[in-house]
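The values are calculated or read from the model by the stated rules, or taken from the named source; none is laboratory data. Computed from a predicted model, the values in this text were never measured in an experiment. Cβ sites come from the backbone with ideal geometry, for glycine too, and all protein chains shown count toward neighbours.
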Amino acid sequence: MAPAVLTSLSANRDNPLLRATETFLKPGQTTGPVHDWIKEAVAEGEAFMQADPAWDTVDRNMDYIMGRQRALQITELRPAYVSHAVLNETKRTRKRHISALTDLKPVYAYRTPNPNFQKQSLLLNQLTVVHWINTFADLALADAADYAFVAGSGDIVCEYDPYYGPMGDIVMSARDPRDTIPIRPSRDGSVQNWFGMIIREAHSLNVLKQMYPNHPALLQQSASPWGGGVFTKWKRALNRIMGSGSTSTLSGLTKVHSGPATLTGNEVILYRCYVNDASVNTTAHNVLMGPAGVSWSYMVPPGGRLYPRKRLIIATEAGILWDGPNTYWHGMFPCARLQLDHVPWSFFGVPIVDSNLPIQDAINDLLNTMLDDIRQKKRPPLAGNARVSEPKLKQFDPLKPNARIRTEEQVGTGLQVVEIPDLPPYTLELWQALRTAFHEATGDSTLDALQQAAANQSFDPEQIEAFMNALSPEMKLEGRRVEVGLRELAEMQKANIFQFYDQKKRMAVLGDAGMTLADFDYDPGNLIPAMAPTDSGYHPELDSNRDQKDRAQFFLQLFTFYVTPNSLLALNAKSEQLKYVQLARAGLCDRWTLWEKLEIPNGGSPPLMLLPSDEQGTPPDPALMEAVAAGLVPNMSIDPNTGQLLTLRVPTTITERLQAEMQLFGGGMTVGPAGSSASSGNPTQGGGGGMGGAREGAGRKATAQKSPSIERQPIPGGGERIKMSESRR
């Protein structure tokens, strides 16, 4: 627990919410000003969110995705016996959008300008890729995009779960944005610039008892709940749709749904409150923040900030379970917000599905009109030609199949078929035009064009770029919005890997390649270096006498997340692959990198080579150089020409792999320029060596008239073959 004598550095001391952060719980106290402050913050934050126009439309938009649309309503004008068909174009658009935006082929990396830490940078990139695959992070991103599609925003919480898998792992989970309660939020779309946030979630009572065994009295539902409840969970459609006095499970569709799912008797709402608390240590001695021995505890000197990485308060509506420092090194709110259509005047953003619902209703209405017309033609209503009383007329509905009416004359002419006028001839054309307009408004036209190009094997990168730039500026902008959310997740991921991936975890994921030189320094087992002044490349901030958490704060800043703009979407993957094909054929890229880009499995790795050592310092360590020169260090030597320290290792960069390719094959995968013949074995004939196995001088001239594209050509006797062409067609 934190000490009781603290002072806030905030200038706005008149804010009652901020004043509450100056008062800490005494040992054993679970209610008081802090608990009251959280309750007020929940009410204030939820009132702020409810003022946004998107709040009242979220549940309706979810209903449309699930197929519960206006066409299903049973009213006096549209009784049960008429057509109530739904052509769910909204769901189709949502699936195509989410698939395109979250089927990522990332062209990103963590980079560091310091050559001494390239090994950590490489491990960071490899661990990120493996984590993305093993934890199904792409599906969590898809779920967040689903929320953004219907609510304007979707949130992803990135946290470490010690019980995930056999050894624990970093887990990403999507949340309804209405369960991320803001405290003095900003308007720039990033939650990291808020003063604080409250993550509201429902947990099983049994799970909470195991997590907080010392507070059983606080693990119960409150008689006066805070706010509107929890939205991030499976919704009970029957209870939510049916209102009081409803006669049909669909009658509730006429209402605006803004209520959350109902909690079961075995669930408790948990509030995790993160705040930027500027309190300082006013005592004359150091203060330990957090339990001793955990990775996120630290000492605060007199006058230092107690919560440099934010303050965490965990509470239920009955009391506070925990009050202390944030448990993550990155010092961020462990939540990233994804907005596909951000506008500065809306807190949630614009739900993509919202503006297209009138067109969806028109499509359904016209479809049901055509179906009713077909039913009337097949089973027409009948009527007598005599005068009928007014009550009889009110009971007669010509749309009802087999409709009948009794005439009131004693002598009648019998029943006659009621002629129903035909629909206008342009009805079907109008219906198809509405569907086209719907998909053009949502940007589906680009996806249709790309799908057709894929079916025809016409993977021309110039054509794909034209599709991306001309047909769908919407998808391009949405892809950039995805990159914004991923950048924040990448910063959390970077810090979490350094904090929670010890040597055992890295070895389980990457094998022997998961080891790093930092495992053999003064603080073994983690990726954070602990250096001595005599080490090459020594940094005072990484001195072994400094606390690990302090060294981590400096070390994390050395790695930056870089992503090529508009490169994340798989729509660009083919263009990216063909670019590497061109580089390989020009001798500017090695075959192992090409195999990785083409996603060809079992390509192997380059052979071990004597390459510049990762331990090379500036200047080199004299003791190490003397030991290598004396032959005392295995697998290491000194270049006689440059005096550079060399070590036997696997090439990692394209330049190093090209050197390995030259040693193995005597040349790269080059093909000569336009006008010269391709050669496979002799680099002097045809402009370069090949991959081996072909006769010398074999191959055709490379035209290099345009970017390479895949073409299909018929084979004599039937069948087709696929080739790559550079000639203009």
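Quick look at the numbers
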read-out	value
Tally of residues being free of Cβ contacts under 8 Å to residues at least 12 places away in the same chain and of a type in the set (Phe, Trp, Tyr) across the stretch 179-208	0
Residues that are among the basic types (Lys, Arg) and in a loop (DSSP other than H, G, I, E, B), drawn from the stretch 308-354	Arg309, Lys310
Pick from the stretch 184-230, criterion farther than 30 Å from Gln339 by Cβ, touching a strand residue (DSSP E or B) at 6+ places or on another chain (Cβ under 7 Å) and in a loop (DSSP other than H, G, I, E, B), ranking: modelled with the lowest pLDDT	Gln221
Residues (of a type in the set (Asp, Glu) and either assigned to a loop (DSSP other than H, G, I, E, B) or at pLDDT below 75 (or both)) located in the stretch 355-393	Glu390
Selection count, the stretch 205-220, where residues are out of contact with any helix residue (DSSP H, G or I) (no Cβ under 8 Å at 6 or more places or on another chain) and more than 13 Å from Gly319 (Cβ to Cβ)	6
Qualifying residues in the stretch 152-178 (those that are aromatic (Phe, Trp, Tyr) and either touching a residue at least 12 places away in the same chain (Cβ under 8 Å) or within 20 Å of His342 (Cβ to Cβ) (or both)) - the one surrounded by the most Cβ atoms within 10 Å (Cβ to Cβ)	Tyr160
Matching helices (runs of 4 or more DSSP H) fully within the stretch 1-115 where at least 2 residues are surrounded by 15 or more Cβ atoms within 10 Å (Cβ to Cβ) and at pLDDT below 90	16-20, 33-50, 89-102
Residue under evaluation Thr436, criteria (1) loosely packed, with under 10 Cβ neighbours inside 10 Å; (2) modelled with pLDDT of 70 or more, criterion not met	(1)
Count of the stretch 583-623 residues which are buried (at least 18 other Cβ atoms within 10 Å of the Cβ), at pLDDT below 80, of a type in the set (S, T, N, Q) and out of contact with any Ser or Thr (no Cβ under 7 Å at 6 or more places or on another chain)	1
Members of the stretch 162-183 found to be in contact with an Asp or Glu (Cβ under 8 Å, 6 or more places away or on another chain) and in a loop (DSSP other than H, G, I, E, B), listed by number	Gly168, Asp176
